[in-house]
Structures are given as structure tokens and as C-alpha cells.
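Q: So that we are looking at the same thing, I have put the structure below in C-alpha cells.
The values are calculated or read from the model by the stated rules, or taken from the named source; none is laboratory data. Note that the coordinates shown come from a computational prediction; the quantities given were computed from them, not determined experimentally. We place every Cβ from the backbone using ideal geometry, glycine too, and count neighbours over all the protein chains shown.
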Amino acid sequence: MNANALIAVMVILPIASALFLNLLHKKDRTIKILAIITAIVIPIIPLLTPYGSHFFGGYVPLAQNATLAQGLPSLITGTQLFQFHPGVMYVFTSAQQLMVFVLGLITFFAIFTFLNETKRPSGVYAFLMFMGTASVSAILLSDDIFNIFVFFEIAALAQVGIIVASGIKNNYETALKYILLGNIAGPLLLLGIVILLGVTGNVNVTDMIFTFKQGYVDPNSPVILMALALIAFGWLYASGLPPFHTIKSAVYSKALPHGAALLQAFSVFTLVAIGIIILRLFSYNSFTNIAIIGISVIAMILGITMAIVQTDYKRILGYLAVGELGYIGIGLGLGTAFGITAGLFQAVNEAIITSFLFIGFGTVLYKTRTSNTRKLGGMMYVNPKVALLVLLAGLAMAGVPPLNAFQSKLMLIQAAIQSGLPELGIIMILLSIVTFMTFMKAFYTIYMRPKPKELEILDNKIPRSTVISLVALLIICIILGLFPQIATNSLQTLAAGLV
Amino acid sequence: MIEYILMITTVLGAIIALMQRDLLKAAILTGIPGISIAFLFQFLLAPDVALTQAIVGSAIVPVFIALTVLKTRRTEEKSK
Amino acid sequence: MVVDSQLMSFFTAGSLVVIGIFAALFLDNLIKKIIGLAFLADGVNLFIITMGYKPGGIVYIFLPDMVVSNFAQTASYPLPFALVLTNIVIGASTLAVILGLVIILNKRHGSLSASKILRDKGE
């Protein structure tokens, strides 16, 4: 039992705490104490864990297990069977450390806001949030593609639960649509995984890449292209790229604001994790890169333009969040180390900024109980500090210096020009301008125009914890904007290993 | 020889179960592809999976769907 | 290619997948969509087990009086059955969640027609 066991704790601790919270009912103080302790511990564990791999059940490859390897016939030691990984393996390097830490941080802010905004916190809702966090952490860490499929299904169920628990009008219909599509995408993803298993004989990604490189299997055969298409279909569903962008933005709009912040973090990190696996397995085929860039450009254009015409501000935010995913996809699809680093950095920034926006606009829902922009107005005079924070969040999303999205979008545009595709840079700049315009329109209609007479503003104060969360997220944005090396240094090793 | 009969039973059972107007009959008929696939698993040299599929596919899934039908409505609506 | 039982089994699995996807997307009644999802999962499971089949082989249980090399050459592939066991359980649990949602939606709307319930009301 060495320190690498902490890698497994990153997944096991949220699950164990979630199961306890599910049993507690009507004991408000115990729920609050247990949820807060777990939410504080979850971001701390990735900072303490040393880098390395963790083999579940102790099944190291035979090449590393000297006692067992002595008596084996040369039928096994002479071939590559010696180096294969016989069990489930989790890999933990600097990139995973940064991403699991950011995910844990967003979980902390979501749980903190949830416990202070509702009078009687429900243990089942906290259970769903922790199960989702555990699943997405496992998807980021795992090197075994079937393990990723199992946690993908668990994450889909947890997301459906978060939508159902919100109490907003029409949320049951959205939840049913989401899980129907998920039960089509899930078995098709499994079919792709099984085709790869049949061709290479392995479910471990490192061993599959080895089999491709050594030439045991022809990597350009049509069977493997079919596996790529099926796995890409599951990837599109989990992350919210077209054709699933409408259902994803509906999901964001029908959940409570802290739940929506957590749901979009799940989507972003699942996109990154499964996208990296697709790049590792299929990147020798130039069709993969073109397809990823194509779908990302479509995602950006569809998401951001559909945001302009919406009247419900949660839907505006949902479509903007889906549109911003396109930037990450372009970074991953460019194929150079600089481009992949830029895409991963944009993913980290994106998760933080969109959570900031959701929690910020959630204060409007808290005070007025409506989210229709035609009925709102004049919120600036109710609480000017929160209005200023929300304005800064919107500027961050559009890419204004010195906030963090400016650095990552600059890196993306530089990477696009370096790869010989300056048209992508022009599209990215244009869509950033449209994002800014959409956000300013929403901000004006909610905060700055005169208050309509029918609007009633409830008398409850916005809890201090929400304001503290918003200020903390703003500080993180500024730090990452001024010192991007904190994030890019961690991500560069992963990016260099992919090309 | 018997496995070809099982395969035809599976596909025909699936199509017939989806063509029913009475939803309770459709729910019960879902058990037929389930049990045929369990037999096929045993033929394909996977006996433990055959046991699990026999229980889940022929007893649990049809009973769940039949319970839902009893709590909602018995027949399919006329399409517009 | 040789027409044997493994090939026909692949065809059965493929036709179940197609029937399942057709029912889940194009049929109107919610219960039939859910039956289609069950068939889709069954088709994928049959595909997985057929992939591990070795014609003329033995079951992958290692009895005490077997020779290792003989077992390794004639037994069918044991890894897929672990995937299928997990997938059967995942399918049954998700089915239970979907059926619960259908019961609640029927109480609210009074019908089981997907075009009435899942129509996006533009908000």
C-alpha cells in the first residue's frame, strides 16, 4: 500500500460520502457538516497525491512483477504479452492533477452555495452532485476504456437526477428526453469499444496504441473507422456538441443555478477526457483532426448564434456555454503540442468562467423567482456589488484582458495561425465579439434598464456565501489571467506526449 | 441447427412485440427475445451470462414494463 | 465467407440493434420506445458474446484436471463476459429510472404519446 493509493481515494471518497448522505434525511446539521467536509477535502487530495499510476488489485504488468515472471515459459516472456496491463489502471500526471483540482473546486463552490441558499438541504441532491464528481474524476484518470463507459453511464444518471430535483417547470420532460438519448448513445459507445477489443484484444488504451504502432493491426482498416465513428457519437452526446447542443442547453436551463454550474463542468471535463483518448488512439488518421475541427466550428457557430434570440436568460447562458465548447475542440483538433495545450487551458478557464456566470445569474433567480428577460429590469440598484461581479464574469467569457480567457484564446489563435489555418483565427475573433454582444444585451435587460412595474423583488438578502464564492472565482480568474504558466506548465507534458 | 431457430425466434419476437396495439401484450412479449437470447448465450459458450440474461431479460424487464403499463394506460393512442 | 452459426449470430445482433434504434427514434408511444431501448442493449450484448466465441471450443472454466496450454488454445475468450454482465445490470437500472419518469409524466399529461409530452414549448 503506497502513496499511489491516494489516486483511488480521489474516486472512492466522493462515492462513500455520497452513499452516507443519501441515507440521512431530516437531519439538517449532519448533512451540512458532512457535505462541507467532503467538499473541502475533494480539491485537496489531488494536490497531495504524487504522480504515477495505480493498478487496481495490484495487477502490475508481468514485466514489473519479478517473482511471478521467473517461472514463465518463453512463449510469454518472448512476446509483448509481458508488457501488457492485465488489470484496470489509473494514470495521474500533472495535467490530471490540474483538472481534477479545478473540478473539485467547482464542486466545493456548488455545494457551498447550495447549502446556504436552501433552508432545508436535501441529502439526496448532495448525493447526486458527489456521484457526478466521482464519475467525471474517474473518467479523467482512467486508462481503461471500459471503466470510462461504466462511469459515463453513472454520470448520465446523476445528471438526470440533478435536473429532476430542481422543481422548475417542465424539468421532467427534459430529463426524460436526456436519458432517452443517453440510452441510445451509451450502447453505441459500447459497440465501438467492443469493436476495438475484438480487433486489438485489449481494453487498455496504452496497450492498444502499442498494438497499432507495432503494426500488428492495420490502423486504417474500415472496421477501425467504424469504431471511431461510434466512439465519437458517444463523445458528442456526453459533451454537448452538435447534434446534442439543444438538449444540453435545455438541461442547463432546467437545473438550479449551482446544479447547472456543476453540470457544465461535467460536460467540459468529459469532452476533454474522451477527446484526448480519441486523439491518442486515432490521430495517425488525418480524418480525425479534420472531423474534430469541423464539428467544433459548427458547435461555436450554432451555439453562439442561437443564444442571441432566446428570452430566458438561463437558456442564453446554456447556449453560450455550448458554443464555448467549440474553442476547446479546435484546440484539440489542431494536432500540434501548442494547440493541444491551448485547448486544455481553454477548457480549464471555460469551466471556471461558466460556473461563475451561472452562480452570478443565479442571484437574480434568488431575488425575483423569474428568469424571463422580458419581465426583468433594474436589478442594478438592488445589489450593485453583485451586478459588478456578474459584469466582470461576462467580460471574462468574452476574452477581455487581464482575465484568463484572454490568455487562452490568444494561445488558440496563435496556434491556428501557426498550423496554417488563419481562417479559424478570424472565426474565433468574430464569435468572441458576438458572445460579448449577447452577454451585454442580457446584462442590460436584466440589470440596467428601468424596472418594470409588475416586477416584485423579494426581500431576502443574498447570502454572504454566494458573494464569497463569486469573489473567490473572480480572484482565480485574475490569477490565471496574469500568470498563465501555472496552468500551461502542467498541461504541456500531456500535450507533448500526444503528438 | 437449433440455434438458427432461436435466432429467427429472436428477430420475429422483437418485431411482433413492437407491433402490438395492446401495451400489456407488448410488455409480456418482450420476454420472448429475452429468453431466446439467453439460450443463444448458452450455445455461445457463456453459461454464467446466460443465467443472468435469463433472469433479467425474461422476468425482470417484462415485469417492470408491465407494472408501468398497469399504472398508466392500457392501449396505445391513435396516431393523428 | 463461411456461413456458420457465428456469422448468423452477428446478423441477429445487428438486426436487433437496428430494430431497437428504429423503435427508440420513430415510434410514437413511450412504452414502445423503452422496449426498443431494451432490444438495443440486448443486441449489443449478443454482439459482444458472439465476438468471444470460438467454434468447437470449450467453456472458459478451468477445471483441476486440465492442461494449461490446451485450455488456452481451445477456451472461448473470457474478457467479454465481464463486460456483458456489467452492461446487463446497467441496462436494467437505467430502465427502472426511465419507467419512473414515464409514470410521473403520465400523471401530469394524461397520455403516453411522445409527440405530446416531449414537444418543446419554446421556453
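Q: Can you list residue pairs whose Cβ atoms sit under 8 Å apart, with the first residue in region C:85-98 being at the interface with another protein chain (Cβ under 7 Å from one of its Cβ atoms) and within 16 Å of C:GLY43 (Cα to Cα) and the second being assigned to a helix (DSSP H, G or I) and of a type in the set (Gly, Ala, Ser)? Count only pairs 6 or more apart in sequence or on different chains.
A: C:ASN87/C:ALA41; C:ILE88/B:GLY57; C:ILE88/C:ALA41; C:ILE90/A:GLY186; C:LEU95/C:ALA38
Q: Also, quick follow-up: Which members of region B:42-73 meet the condition of being more than 7 Å from chain C (Cβ to nearest Cβ) and under 18 Å from the mean Cα position of the chain (by Cα)?
A: B:GLN42, B:ALA50, B:LEU51, B:ALA54, B:ILE55, B:SER58, B:ALA59, B:PRO62, B:VAL63, B:ALA66, B:LEU67, B:LEU70
Q: For the condition surrounded by fewer than 24 Cβ atoms within 10 Å (Cβ to Cβ) and touching a Gly at 6+ places or on another chain (Cβ under 7 Å), what is the one hit in A:ASN289, A:ASN383? I'd like the intermediate steps shown before the answer.
A: Values: A:ASN383 fails: touching a Gly at 6+ places or on another chain (Cβ under 7 Å).
Going through A:ASN289, A:ASN383 in turn, the sole match is A:ASN289.
Q: Then there's this: On the basis of being in contact (Cβ under 8 Å) with a residue 24 or more places away in the chain, within 7 Å of chain C (Cβ to nearest Cβ) and surrounded by 14 or more Cβ atoms within 10 Å (Cβ to Cβ), does B:LEU23 make the cut?
A: Judged against the criteria, B:LEU23 is a match.
Q: Let me ask another. Quick one: is B:PHE39 over 14 Å from C:LEU112 (Cβ atoms), over 15 Å from the mean Cα position of the chain (by Cα) and of a type in the set (Phe, Trp, Tyr)?
A: Taking the combined requirement at face value, the residue does not satisfy it.
Q: Moving on. Residues C:ILE31, C:ILE35, C:ILE103: which one is at the interface with chain B (Cβ under 7 Å from one of its Cβ atoms), within 12 Å of the chain's Cα centre (by Cα) and of a type in the set (A, V, I, L, M)?
A: Result of the check over C:ILE31, C:ILE35, C:ILE103: C:ILE35.
Q: While we're looking at this one, here's another question. Collect the residues in region A:206-238 that are part of a helix (DSSP H, G or I) and within 11 Å of A:PHE282 (Cβ to Cβ), keeping them in residue-number order. Spell out how you get there, then give the answer.
A: The first filter runs over region A:206-238 and keeps only residues part of a helix (DSSP H, G or I), leaving A:206-214, A:222-238.
Those that are part of a helix (DSSP H, G or I) and within 11 Å of A:PHE282 (Cβ to Cβ): A:MET208, A:ILE209, A:PHE212, A:ILE224, A:LEU225, A:ALA227, A:LEU228, A:ALA229, A:ILE231, A:ALA232.
Q: Select the helices (runs of 4 or more DSSP H) contained entirely in region C:1-120, then report the ones holding at least 1 residues which are within 18 Å of B:LEU67 (Cα to Cα) and at pLDDT 85 or above.
A: C:30-51, C:79-109
Q: For residues that are touching a residue at least 60 places away in the same chain (Cβ under 8 Å), buried (at least 19 other Cβ atoms within 10 Å of the Cβ) and more than 10 Å from every other protein chain (Cβ to nearest Cβ), tally how many sit in region A:179-208.
A: Filtering region A:179-208 down to residues touching a residue at least 60 places away in the same chain (Cβ under 8 Å) leaves A:181, A:196, A:202, A:204-208.
Adding the requirement that they be buried (at least 19 other Cβ atoms within 10 Å of the Cβ) leaves A:196, A:202, A:204-205, A:207-208.
Retained after the next criterion (residues that are more than 10 Å from every other protein chain (Cβ to nearest Cβ)): A:196, A:204-205, A:207-208.
Of the residues in region A:179-208, 5 are touching a residue at least 60 places away in the same chain (Cβ under 8 Å), buried (at least 19 other Cβ atoms within 10 Å of the Cβ) and more than 10 Å from every other protein chain (Cβ to nearest Cβ).
Q: Please find, among B:GLU3, B:GLU77, the residue that is facing chain C (nearest Cβ under 9 Å), in contact with a strand residue (DSSP E or B) (Cβ under 7 Å, 6 or more places away or on another chain) and either modelled with pLDDT under 90 or crowded, with 21+ Cβ neighbours inside 10 Å (or both).
A: Criteria check complete, one pass: B:GLU77.
Q: Looking at region B:6-18, which of its residues are at the interface with chain C (Cβ under 9 Å from one of its Cβ atoms) and under 21 Å from C:ALA24 (Cβ atoms)?
A: If the condition is that a residue be at the interface with chain C (Cβ under 9 Å from one of its Cβ atoms) and under 21 Å from C:ALA24 (Cβ atoms), then B:THR10, B:VAL11, B:ALA14, B:ILE15, B:ALA17, B:LEU18 are the ones that fit.
Q: Continuing with the same structure: Go through region A:77-112 and give me each residue that's over 15 Å from the mean Cα position of the chain (by Cα) and under 14 Å from A:ILE162 (Cβ atoms).
A: Passing the criteria: only A:ILE111.
Q: Please go through region C:110-123 and pick out each residue that is more than 10 Å from chain B (Cβ to nearest Cβ) and surrounded by fewer than 13 Cβ atoms within 10 Å (Cβ to Cβ). Don't jump to the end; show me each part of the working.
A: Step one: list which residues in region C:110-123 are more than 10 Å from chain B (Cβ to nearest Cβ), which gives C:114, C:117-123.
Within region C:110-123, C:ARG119, C:ASP120, C:LYS121, C:GLY122 qualify.
Q: Tell me, which residue of region C:6-26 that is at the interface with another protein chain (Cβ under 7 Å from one of its Cβ atoms) and without any contact (Cβ under 8 Å) to a residue 40 or more places away in the chain is surrounded by the most Cβ atoms within 10 Å (Cβ to Cβ)?
A: Going through region C:6-26, the residues at the interface with another protein chain (Cβ under 7 Å from one of its Cβ atoms) turn out to be C:8-9, C:12, C:15-16, C:19, C:21, C:23-24.
Then drop every residue that is not without any contact (Cβ under 8 Å) to a residue 40 or more places away in the chain, which leaves C:8, C:12, C:15-16, C:19, C:21, C:23-24.
Values: C:MET8: 15, C:THR12: 27, C:SER15: 17, C:LEU16: 25, C:ILE19: 23, C:ILE21: 18, C:ALA23: 23, C:ALA24: 21.
Top of the filtered list is C:THR12.
Q: Can you say whether B:ILE28 is within 10 Å of the chain's Cα centre (by Cα) and more than 7 Å from chain C (Cβ to nearest Cβ), as far as the supplied structure shows? Write out each step before concluding.
A: Numbers: within 10 Å of the chain's Cα centre (by Cα): yes; more than 7 Å from chain C (Cβ to nearest Cβ): yes.
Yes.
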